[in-house]
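Presented below is the structure to which this report refers.
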Amino acid sequence: MSALRVAVVGSGPAGFYAAAHILAADETALVDIIERLPTPWGLVRLGVAPDHPEIKAVSRVFERTAKLPGFRFFGNVEVGRDVLHADLTRIYDAVVYTVGAQTDRRMGIPGEDLPGSWPATAFVAWYNGHPDFQDLDFDLSHERAIVVGNGNVAMDVARMLALSHDELFPTDTTHAAIDAIVASGIKEIVMLGRRGPAQAAFTNPELKELGELADADVIVDPADLELDPASEASLAEERTAARNVDLLREYAAREPEGKARRVMLRFCASPVEILGNAKVEGVEIVKNRLEADDSGAVRPIPTDEKEVLPAGIVLRSVGYRGVPIPDVPFDERAGTIPNSGGRVLGESGEPLTGVYCAGWIKRGPSGVIGNNKKDAAETCELLLEDAAAGRLTSEEGDLEDLLIERGVHFVEHSGWESIDSHEKDLGAPHGKPRVKLISWDELLGKARPQE
């Protein structure tokens, strides 16, 4: 019986956890991770806030997986461009899509496309050194920035805008982003949440560290913390929400210290229009009241109370969304690949033999990095079950041979190790974990074997 051959498309946490699970369960298995970028790790490299090095440390687990027998990495290879879904199902017994949620959800309000209105995904990719986003020009000259959203990504964006030079410099934030943030004219960052403080999606550590910024005051209006009965009752069962509300009450009681910047957290406020002629000049917001529906869920209901906040930049963080892969089923409404426990479903609703998904493209953009381990394990257990039952087959061929035949210059894991080592060497003299290479030419140049 030949070895189980699996392609994992996407090299973020879900992809590496999937590879690790398969290789641990079957020591004879062969797992190839295929990645569009020259670098692995997905949001761990390009999405986690640079001032959170402890979260990035999970990459050490991925490095151990990459050293396992049977593992290969193919960077700079895009499914749908360099190889097709049909190529993968022919070569491999199973294909697992772990491509994440690569774009943002839209608010659907007038003015959303004005210059100066940005998806938070683009801003995060820019300061993290994603090579596709380095030519963007964020105008940070205005005194107020508005961040729409109440999750951890929104909190990361607000915090990054408020960090001082001394807080930013030891991180792997790009030099251009550090210079732009430090020199910006922004004095106030306003975070808008459409529901109340008890429903905010950020975690306790994210909220707590906001109050520890060196040169930014946190401002919370005590009136925003007067909870409706349903919200108050929910705190007894929601420990994270209860701790968030306690922290917010601490911030509301603080006297501002007159620091260089202010981060203002506002609740029950929704943008209804982004204002401006040729660019963003402000945001019209509506005050919401909260009502519990028949299920007990608290919903925001717009009132007649509106307000205009002048601003020069708006960063929208209202959720991530997956993008379709050519020839792979996709649920446009959910922004995910339709599946049952990780088995990809075809048009008839029946599982497609040998096709699976894991991570955000499977369940939607929820949870933290660690949640992807359990999620990937669920998918891979079904894959291994199908393999044991003899349901998985492949034809012939090898991805490396196919890519060479097509003239695709792929990056092997040794090429990524060259990039990784070089970036760490650049950072070491400055006390940084790394200085990232931020262009495709730099990355591919360093990944190629040196003459």
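The values are calculated or read from the model by the stated rules, or taken from the named source; none is laboratory data. Keep in mind that this is a model prediction, so the values were computed, not measured. Here the Cβ is made from the backbone with ideal geometry for all residues, glycine too, and neighbour counts use every protein chain on show.
Some notes on this structure:
- Every condition in (1) over 19 Å from the mean Cα position of the chain (by Cα); (2) within 14 Å of residue 417 (Cβ to Cβ) holds for residue 59 except the one numbered (1).
Matching residues to (1) closer than 20 Å to residue 31 by Cβ; (2) of a type in the set (A, V, I, L, M); (3) not in a loop (DSSP other than H, G, I, E, B):
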| site | (1), (2), (3) |
| --- | --- |
| 372 | yes, no, yes |
| 379 | yes, no, yes |
| 382 | yes, yes, yes |
| 386 | yes, no, yes |
| 390 | yes, no, no |
| 423 | no, no, yes |
| 426 | no, yes, yes |
| 432 | no, no, no |
| 437 | no, yes, no |
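- Residue satisfying all of: in the stretch 327-349; surrounded by 12 or more Cβ atoms within 10 Å (Cβ to Cβ) and polar (S, T, N, Q); farthest from residue 94 (Cα to Cα) among these: 336
- Filtered by the rule that a residue be closer than 15 Å to residue 7 by Cα and surrounded by fewer than 19 Cβ atoms within 10 Å (Cβ to Cβ), the stretch 353-381 gives a lone residue, 353.
- Residues (over 30 Å from the mean Cα position of the chain (by Cα) and among the basic types (Lys, Arg)) located in the stretch 380-427: 391, 406
- Residue in the stretch 228-238 that is free of Cβ contacts under 8 Å to residues at least 12 places away in the same chain and in contact with a helix residue (DSSP H, G or I) (Cβ under 9 Å, 6 or more places away or on another chain) present: yes
- Boolean, residue 122 is within 25 Å of residue 317 (Cα to Cα), part of a helix (DSSP H, G or I) and free of Cβ contacts under 8 Å to residues at least 60 places away in the same chain: yes
- Condition check for residue 404: within 17 Å of residue 72 (Cα to Cα) and touching a strand residue (DSSP E or B) at 6+ places or on another chain (Cβ under 9 Å): no
- Test: residue in the stretch 225-233 that is crowded, with 20+ Cβ neighbours inside 10 Å, hydroxyl-bearing (Ser, Thr, Tyr) and over 16 Å from residue 51 (Cβ atoms): yes
- Evaluating residue 174 against the criteria (1) at pLDDT below 95; (2) β-branched (Val, Ile, Thr); (3) surrounded by fewer than 21 Cβ atoms within 10 Å (Cβ to Cβ) leaves one unmet condition, (1).
- Qualifying residue in the stretch 25-41 (condition: more than 27 Å from residue 160 (Cα to Cα), surrounded by fewer than 21 Cβ atoms within 10 Å (Cβ to Cβ), in contact with a Pro (Cβ under 8 Å, 6 or more places away or on another chain) and in the same structural domain as residue 376 (by TED's automatic domain parsing)): yes
- Scope the stretch 304-326; condition over 30 Å from residue 186 (Cα atoms) and either surrounded by 13 or more Cβ atoms within 10 Å (Cβ to Cβ) or polar (S, T, N, Q) (or both); matching residues: 322, 324, 325
- Here 255, 250 are screened, and the one residue that is in a loop (DSSP other than H, G, I, E, B), surrounded by fewer than 18 Cβ atoms within 10 Å (Cβ to Cβ), out of contact with any Lys or Arg (no Cβ under 8 Å at 6 or more places or on another chain) and in the same structural domain as residue 199 (by TED's automatic domain parsing) is 255.
- Single residue of 94, 86, 25 found to be touching an Asp or Glu at 6+ places or on another chain (Cβ under 9 Å) and closer than 26 Å to residue 409 by Cβ: 86
- Residue that is nearest to residue 320 (Cα to Cα) [pool: residues in the stretch 65-101 that are among the acidic types (Asp, Glu) and crowded, with 19+ Cβ neighbours inside 10 Å]: 82
- Just one of the numbered conditions (1) free of Cβ contacts under 8 Å to residues at least 24 places away in the same chain; (2) in contact with a Gly (Cβ under 7 Å, 6 or more places away or on another chain) is not true of residue 59: (2).
- Residue 232 meets all of the listed conditions (1) in a loop (DSSP other than H, G, I, E, B); (2) out of contact with any Asp or Glu (no Cβ under 8 Å at 6 or more places or on another chain); (3) at pLDDT below 95 but one, namely (1).
- When restricted to residues that are modelled with pLDDT under 95, in contact with a Phe, Trp or Tyr (Cβ under 7 Å, 6 or more places away or on another chain) and part of a helix (DSSP H, G or I), the stretch 125-154 contains 1.
Let's see how each residue does on (1) within 17 Å of residue 178 (Cβ to Cβ); (2) polar (S, T, N, Q):
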| position | (1), (2) |
| --- | --- |
| 120 | no, no |
| 124 | yes, no |
| 127 | yes, no |
| 134 | yes, yes |
| 141 | yes, yes |
| 144 | no, no |
| 149 | no, no |
| 156 | yes, no |
